[in-house]
Amino acid sequence: MNDWLFNAGLVGLVNILKKAGDEALLDVKDYYVEFDTQLLEQFEEKYFNYFIETYKETLPWFKIVSYEKEIIHHIGTDYEHFDENALKTLNEYVQKTLKNNLKKDSFVAAYPLVDDERDVIAMGNQIEMISLKKGEQISDVLTQIKETHEKIQPIIAYCNRDDAKKYLAAKNVIYTIIKIAWNGVCFLNPQTKIKDMYVDYRQYFLEPAQVYFDASKKKYKYNCFNCGDLINDNSNVMSFLNAIGFDVGKKTSHVWAFNNDIALCPLCKLIYSCVPAGMTYVYNRGVYINENQRLSRAIRINENLKNHILESHVMNTTTTYKGMITAFNEQFQINLKYELADVQLIQSELIKKGKNEKILYKFSLFAKHMIEVFYNSRDILKILEKAGYEIGPKKAKIYFSVYEQVIERIFNNQNLFTLIHKLILYKLTDPQNCYYQTYHITSILEMNTEILKGVGAVENIEKEVIKRANSSGYYLREAYKSKGAKDKLNGISYRLLNALKTNNINMFMDTVLNCYLYTQKSVASIFLETFEDEEHFKSIGYAFVTGLIEGKENDKPNGGNN
């Protein structure tokens, strides 16, 4: 194992061979993997098959052939359940999925490789959309619907051919997955003369590595920039890796004395080509967890991440965080606490502006105590998944996920007091747009105690303290209600929040004591602990205000953005 990019390639290489059924022949060590070079025979087939099968349901090819189930269902039921919704689905399929994809350049480039001379573009152009005229029913256009299905079936049959799937789906993964990691060489070289991407990959990446294995390296005088092994020349550069390498011919000033020594051995180059198989990609965004203590652990944690993200078919901030935390928690259960180490999260994104494309990488570092926080707070995180709030004008409201904001603060090694303050304030000022309940806030406070313990800010604060302080606020609120003075609670809550924000314990306690004097109740003993330190003061204070605020009547029943 080495840097994160090489580690991702190594994990990708193992993933490809495992997918091909070669797992039993792999010997995964702590920092490397051993296997017989015979496993690299027909590796180009294994390479593309991995991407096709892993991302199958996201590919345009699959979206074309998957409609076959719909046709079979309606034929089997004699179109008894074919309604206007089914017609809408059919028209969208014909226009957006079938015709649109069949004309794409990537599909057109693959047709000559398929051993079938039918013109599927012309076949698709013969299919027209079906619309209901005023007063017409589905029964009036049923003949047209059946004819349309009959025209679609040969196209699906064409795409379902083994060689059609092999090349059409391969073109899909090249431009939706592989291109995000590397570009400009092999089948992604616009000037390549080899039409078959399988042959191109074999000749460019695989065969040079196989020759390198058997070559005598006694006369080699250069060294691989990555692994240090001897190489014959510096022709294998890293410029094909997006946002990593550079064109050594045009930018000689990037290296010492204008003499490039950044070159790879053919084996490292082959491994770097497997980076897309190590990362997880959905819709131009990728993610990889660089766990560099053990290769087996890196494989497992990224596999868990991949499974979670691909199950949702979406990669946004929430699904990435959920997948990552699920992977961390499973890893925490497998490994003892003292075996944990800091890990790195790498996120990539393909940004398109007109015809220009740019790859951006974002790096985050997770301290091991934060992984413990995730594990110890796993039940709380589930509670927060649907919590959120909206802000902005009525017709342009923006939704914010509480779950995402909690995770982002933890990733940035921040405590949650500022978020807690904001959530209580929103609950006071605009409860109708708050998709969370007061127990969500107390749950975040409990999670915050785990963070404070992890960074050594406090030692003896317990979750029970949060519950006692929250209960004290609740009972004081009830006392105000019994005196018919509940309208005073909002103003009191604002004063308490201001005291907490400015860390003014005297202002806070003056307000609390006046409240208890007004209700003629004894002061809760929990407030004696506010004098221990700032963290105790804020934890108890915010829990108390959470119990005190009005908001229960306005809580959303689902507690989320449903």
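The values are calculated or read from the model by the stated rules, or taken from the named source; none is laboratory data. Please read all numbers here as calculations on a predicted model, not as lab measurements. Note that we place each Cβ from the backbone using ideal geometry, even for glycine, and neighbour counts take in every protein chain shown. Note: accessible area is taken over every heavy atom of the protein model, side chains too, but ligands, DNA and RNA are not part of it. Shrake-Rupley method; radii C 1.70, N 1.55, O 1.52, S 1.80 Å.
Screening the range 253-284 for residues that are modelled with pLDDT under 85, open to solvent by 20 Å² or more (accessible area, probe 1.4 Å) and not in a loop (DSSP other than H, G, I, E, B) and picking the one that is farthest from Val173 (Cα to Cα) gives Ala257. There is no residue in the range 68-82 that is polar (S, T, N, Q), open to solvent by 10 Å² or more (accessible area, probe 1.4 Å) and in a helix (DSSP H, G or I).
For the range 215-230, the set of residues classified as of a type in the set (A, V, I, L, M, F, W, C) and open to solvent by 80 Å² or more (accessible area, probe 1.4 Å) consists of Phe225 only. For the range 295-314, state whether one or more residues are of a type in the set (Gly, Ala, Ser) and modelled with pLDDT of 75 or more. Yes, the range 295-314 contains at least one residue that is of a type in the set (Gly, Ala, Ser) and modelled with pLDDT of 75 or more.
Considering only residues in the range 520-546 that are of a type in the set (S, T, N, Q) and open to solvent by 10 Å² or more (accessible area, probe 1.4 Å), the one that is nearest to Val465 (Cα to Cα) turns out to be Ser525.
Across the range 383-427, what is the number of residues that are closer than 27 Å to Phe328 by Cβ and out of contact with any His (no Cβ under 7 Å at 6 or more places or on another chain)? Can you show your working first?
Filtering the range 383-427 for residues closer than 27 Å to Phe328 by Cβ gives 383-389, 399-420, 422-423.
Next, from what is left, pick out any that are out of contact with any His (no Cβ under 7 Å at 6 or more places or on another chain): 385-386, 388-389, 399-401, 403-420, 422-423.
Residues in the range 383-427 being closer than 27 Å to Phe328 by Cβ and out of contact with any His (no Cβ under 7 Å at 6 or more places or on another chain): 27 in total.
Scanning the range 1-58 for residues that are open to solvent by 40 Å² or more (accessible area, probe 1.4 Å), closer than 22 Å to Thr176 by Cα and among the small types (Gly, Ala, Ser) turns up just one, Ala20. Filtering the range 90-132 to residues that are in contact (Cβ under 8 Å) with a residue 40 or more places away in the chain, assigned to a helix (DSSP H, G or I) and either open to solvent by 40 Å² or more (accessible area, probe 1.4 Å) or hydrophobic (A, V, I, L, M, F, W, C) (or both) leaves Leu90, Val94, Leu98, Leu102, Phe107, Ala109, Ala110, Pro112, Leu113. Selection of the range 495-504 for residues being open to solvent by less than 90 Å² (accessible area, probe 1.4 Å) and more than 21 Å from Lys467 (Cβ to Cβ) yields Asn498, Ala499, Thr502, Asn503, Asn504. Residues in the range 332-344 that are open to solvent by less than 50 Å² (accessible area, probe 1.4 Å) and out of contact with any strand residue (DSSP E or B) (no Cβ under 6 Å at 6 or more places or on another chain) were compared, and the one that is modelled with the highest pLDDT is Phe332. A single member of Glu450, Glu464, Glu478 is within 21 Å of Leu345 (Cβ to Cβ) and surrounded by fewer than 23 Cβ atoms within 10 Å (Cβ to Cβ), and it is Glu450.
If you go through the range 198-207 and keep only what is free of Cβ contacts under 8 Å to residues at least 24 places away in the same chain and surrounded by fewer than 17 Cβ atoms within 10 Å (Cβ to Cβ), you end up with Gln203, Glu207. Please list, ordered by first then second residue, the pairs with beta carbon atoms under 6 Å, 6 or more apart or interchain, first in the range 405-425 and modelled with pLDDT of 95 or more, second among the aromatic types (Phe, Trp, Tyr). Correct list of pairs: Ile420/Tyr542.
Residue selection: Gly135 fails the criterion of being small (Gly, Ala, Ser), surrounded by 13 or more Cβ atoms within 10 Å (Cβ to Cβ) and at pLDDT below 95. Can you tell me which residue is modelled with the lowest pLDDT among those in the range 449-485 that are of a type in the set (S, T, N, Q) and in contact with a Ser or Thr (Cβ under 7 Å, 6 or more places away or on another chain)? Here the answer is Thr449. Note on the range 285-330: residues that are free of Cβ contacts under 8 Å to residues at least 60 places away in the same chain, assigned to a loop (DSSP other than H, G, I, E, B) and either within 14 Å of the chain's Cα centre (by Cα) or within 21 Å of Ile178 (Cα to Cα) (or both) amount to 3. If you go through the range 197-215 and keep only what is closer than 19 Å to Lys165 by Cα and in contact with a Phe, Trp or Tyr (Cβ under 7 Å, 6 or more places away or on another chain), you end up with Met197, Tyr198, Asp200, Tyr201.
Taking the range 151-197 as the range and being small (Gly, Ala, Ser), within 22 Å of Glu53 (Cα to Cα) and open to solvent by 30 Å² or more (accessible area, probe 1.4 Å) as the test, only Ala157 passes. Across the range 489-503, not a single residue is classified as modelled with pLDDT of 90 or more, of a type in the set (Ser, Thr, Tyr) and under 23 Å from Lys453 (Cβ atoms).
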